[in-house]
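Quick note: the coordinates plus some simple rules give every number you see, no bench work behind them. Since the model is a prediction, treat every value here as computed from it, not as a measurement. A quick note on method: Cβ atoms are made from the backbone with ideal geometry, for glycine too, and the neighbour counts reach across all protein chains shown.
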Amino acid sequence: MLILGGTTEASAIAAALADHPRVRPVLSLAGRTRAPVLPAVPARRGGFGGVDGLAGFLQAHDVAALIDATHPFAARISQNAQAAARITGVPVIAVSRPPWIAGPSDRWTEVPDMPAAAQALGAAPRRVFLTVGQQELAPFRLAPWHHYLIRSVEPPDSALLPSAARCIAARGPFREDAERSLLEQETIEVVVSKNSGGAATAPKLAAARTLGIPVVMVARPAAAPGDTVPDAAGALAWLDHVVAPWERGV
């Protein structure tokens, strides 16, 4: 079976299947992180070449089940996964973790995309904690009057950075007390985040709430149509139903 990964859910699914007697999982990563933390299962890195390439991979490797556990903002690969599954008839499930929802004490400005997030920062210079990943920095180059603290798993390409930017490399999960200390030490005035959901990076939002710091929250792209589960446990339960006919020898 093939797991499209790059998330904590994908790693949890792969780890749970590492010793499965009837399932041989392969974890696929986009390859953007140079030193990913991998479970003890076979892994591949890089793209497939669109829908046809992924469909060809499923057929060539006799894949019997497909789990799309990619990031909520990886819209294209999720669309490709659904299309390739339709072409090949391979059963597919997508892991769609619930988005974060603002509470009464949160000061969120919700925007549809990264250009809107950069615009929402305003015309006055601000100290910005930018946590949107390495691939989403270009729009903020158009707002160079802000001072950016950028956090990502690996240092971004310098060509993508806004002019007044400092980078820190860190991998979640993060603790709320550490996030609060970081925001205070850096005198952050606004946080920019994708609405990724999940627990690993949610503490920055709790810290911002406690400190009264506003958050510019970028909405998710539209999800690809298809069946979904909210977490790794749901994907494993779905897989049990797929595997059951094999166990019975059907």
Exercise for the section: Would you pull out the residues with amide H under 5 Å of residue 109's amide H, same chain only if 5 or more places away, H placed 1.01 Å from N? Expected result: 215, 216, 217
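How much length is gained if the chain between residue 59 and residue 101 is pulled fully straight, taking 0.36 nm per residue apart and subtracting their Cα-Cα distance, in nm to one decimal?
On the way: separation 42, 0.36 × 42 = 15.12 nm, distance 3.97 nm.
Gain on stretching residue 59 to residue 101: 11.1 nm.
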Completion exercise
Taking a ≥ b ≥ c as the square roots of the Cα gyration tensor eigenvalues, with a/c under 1.5 meaning rounded and otherwise prolate when a/b beats b/c or oblate if not, the chain comes out prolate
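Given R₀ = 35 Å, FRET efficiency for residue 169-residue 227 by Cβ-Cβ distance, to 0.05? Working shown, then result.
Details: r = 36 Å, r/R0 = 1.03.
Rounded to the nearest 0.05, the efficiency is 0.45.
Counting alpha carbon pairs within less than 8 Å and at least 6 residues apart, what relative contact order, in whole percent, applies to segment 108-218? Show your work: numbers first, answer last.
Values: 200 pairs, mean separation 36.3, N = 111.
With pairs under 8 Å counted, the relative contact order is 33 percent.
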Problem - Residues of segment 79-112 with amide N under 13 Å of the 7 Å Cα→Cβ point at residue 220 - result: 79, 94-101
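Taking 8 Å as the Cα distance limit and 6 or more residues as the minimum spacing, I'd like the relative contact order of the chain as a percentage.
Values: 457 pairs, mean separation 54.3, N = 250.
Rounded, it is 22 percent for the chain.
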Handout entry: Label-point separation in nm, residue 176 to residue 116, each point 7 Å along Cα→Cβ
Key = 2.9 nm
Completion exercise
Between residue 159 and residue 52, the two model label points (7 Å from Cα along the beta-carbon direction) sit apart by a distance in nm of 2.9 nm
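Could you order peptides 65-74, 197-206 by the average number of other Cβ atoms within 10 Å of their residues, highest first?
On the way: 65-74: 23.2, 197-206: 17.6.
So the peptides 65-74, 197-206, ranked by packing, come out 65-74, 197-206.
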Fill in the blank from the handout: Honestly segment 1-81 on the Cα gyration tensor test (a ≥ b ≥ c root eigenvalues; a/c under 1.5 rounded, otherwise a/b vs b/c for prolate or oblate) is just oblate
Problem - Rg and Dmax of segment 108-218, Cα atoms only, in Å - result: 12.6, 34
Problem - Label-zone membership for segment 56-92, site residue 22, 7 angstrom Cα→C-beta point, backbone N under 16 Å - result: 64-66, 91
